[in-house]
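Read the structure below first, then the notes.
The values are calculated or read from the model by the stated rules, or taken from the named source; none is laboratory data. Source: prediction; values computed, not measured. Positions of Cβ are backbone-derived with ideal geometry, glycine not excepted, and every protein chain shown enters the neighbour counts.
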């Protein structure tokens, strides 16, 4: 009897010890998010994948893995066809993971935003005319995320920005050719509307101001473009590419100073 009691105590101690040291999904997400803010994307991916192995089918983990893959792919070299193929494969993986997150949480905006971002990267990589279906899905995902209106102002601001860029990028193409491919819905006026909403919802994101200004310059709206560019150069850096974007904003201000 004593040996059985001792064994039971030992088993309890082992189970309790394991549970005490196991990290929760929330703890792992917080750890990964901290690494993202430090731009340690591979480390963040490793943590999120650990969370996925311990807590599978967690929609919040899956969209974060998608985001990490996109962040990693953006920094990958693409000088050779092999490197380009590797980058595209990462974007495809990010898209699939975001789609899985959407299916698990169809009432949440963030997975749809991450799916739209991954799809947008693929469209830019392959050329929007060659993947019209992907572009249409990017629009649909962004519009659905806005309709759901979850995640807070930052998520909604970035979603409006993604939709604005989609309209702006597609509207650069010849309208009759776009219509044939089912992309006739894109127009610069819609882009401007979504850029304005994006800066109002997420006023500290430098990239929004720079891209908004570039579209304004294309439309000869120089006064408002200067306002957006001056705002961009005055903001604190919160993204690893903000130094480059500030330099671009300064160059554009010089370019249009006499307009």
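Odds and ends about this structure:
- Within the range 166-191, the residues that satisfy the criterion of being out of contact with any helix residue (DSSP H, G or I) (no Cβ under 6 Å at 6 or more places or on another chain) and part of a helix (DSSP H, G or I) are 169, 170, 175, 176, 177, 178, 179, 180, 189.
- Selection of the range 166-179 for residues being under 20 Å from the mean Cα position of the chain (by Cα) and surrounded by 20 or more Cβ atoms within 10 Å (Cβ to Cβ) yields 166, 167, 168, 170.
- Taking the numbered list (1) over 20 Å from residue 113 (Cβ atoms); (2) modelled with pLDDT of 95 or more; (3) in contact with a helix residue (DSSP H, G or I) (Cβ under 8 Å, 6 or more places away or on another chain); (4) outside any helix (DSSP H, G or I) in turn, residue 31 passes all entries but (4).
- The single condition among (1) over 19 Å from the mean Cα position of the chain (by Cα); (2) modelled with pLDDT of 95 or more; (3) at positive phi that residue 182 does not satisfy is (2).
- Taking the range 40-158 and the helices (runs of 4 or more DSSP H) fully enclosed by it, the elements with 2 or more residues that are assigned by TED's automatic domain parsing to the domain that holds residue 168, buried (at least 24 other Cβ atoms within 10 Å of the Cβ) and on the phi < 0 side of the Ramachandran plot are at 109-126, 132-148.
- Checked against the criteria, residue 180 does not count as closer than 21 Å to residue 238 by Cα and either touching a strand residue (DSSP E or B) at 6+ places or on another chain (Cβ under 9 Å) or outside the structural domain of residue 248 (by TED's automatic domain parsing) (or both).
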